[in-house]
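The values are calculated or read from the model by the stated rules, or taken from the named source; none is laboratory data. Predicted, not measured: the structure shown is a model, and the values here were computed from it. Here the Cβ is made from the backbone with ideal geometry for all residues, glycine too, and neighbour counts use every protein chain on show. For the accessible areas, the whole protein counts, side chains as well, though only heavy atoms, and no ligand, DNA or RNA atoms are used. Shrake-Rupley method; radii C 1.70, N 1.55, O 1.52, S 1.80 Å.
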Amino acid sequence: MKIAIYCELTGLIQRITECPEQFVEMQCGDDESYVILDSDLDDSAHYVDLASGAIQPKKTRDYNLACRGLSAIITGLPAGTLVRVEGAEVIADNDPTTVTFDVPGEYLLELVGPAECLDETLEVVIDG
């Protein structure tokens, strides 16, 4: 039996595994549950909708990115989005997310989560 194990708090699919039916419950840890899969699934592109219990495709984010001086300002990120750059992390809330750099240059911003959104990496140019 092929199953997707997901976080009951967020809907994020943690892993996909196969095991005999009698061992399915043992695959789940604290705050985890499972959905039986009928076909292959890309767990990086899907999540479990907690309201319905159904697997859904992840969506793209609708946001705006502006670079001003030594800062990149992102508006419209869903609350809970992790913004990562060069080892530093900040979690977006409902306010604009500002990342400030020490020097001009090209940087990669990673946007991770929440569960219903596709992860993505943005290249930003900070002119200073």
Dipole magnitude of the chain about its Cα centre (Cβ charges: Lys, Arg +1; Asp, Glu -1), debye to nearest 20:
300 debye
So what are the ³J(HN,Hα) numbers for segment 7-12, from phi and the Karplus equation (6.51, -1.76, 1.60; θ = phi - 60°), rounded to whole Hz, Gly and Pro as x?
7, 5, 8, 10, x, 5
What full-extension length gain, to one decimal in nm, is calculated for residue 27 and residue 45 as 0.36 nm per residue of separation minus the Cα-Cα distance?
4.3 nm
Suppose the chain between residue 70 and residue 108 were pulled fully straight at 0.36 nm per residue; how much longer would it get relative to their current alpha carbon spacing?
12.3 nm
Relative contact order (percent) for the chain, with alpha-carbon contacts under 8 angstrom and 6 or more residues of separation?
21 percent
Solvent-accessible ranking of 1, 26, largest area first, probe 1.4 Å:
26, 1
Over the chain, consider all pairs of different Cα atoms and compute the Kirkwood hydrodynamic radius from their mean reciprocal separation; express it in Å, one decimal.
16.3 Å
With a 1.4 Å probe and all protein chains kept in place, how do 116, 21 rank by accessible area, largest first?
21, 116
Around residue 119, which amide H atoms from residues at least 5 apart in sequence, or from another chain, sit under 5 Å from its own amide H, with H modelled in the peptide plane?
113
Amide H proximity to residue 58 below 5 Å, modelled H, separation 5+ or other chain, gives 46, 47
Measuring from a point 7 Å past the Cα of residue 89 along Cα-to-C-beta, which residues in segment 111-128 have an amide N at less than 14 Å?
111-115
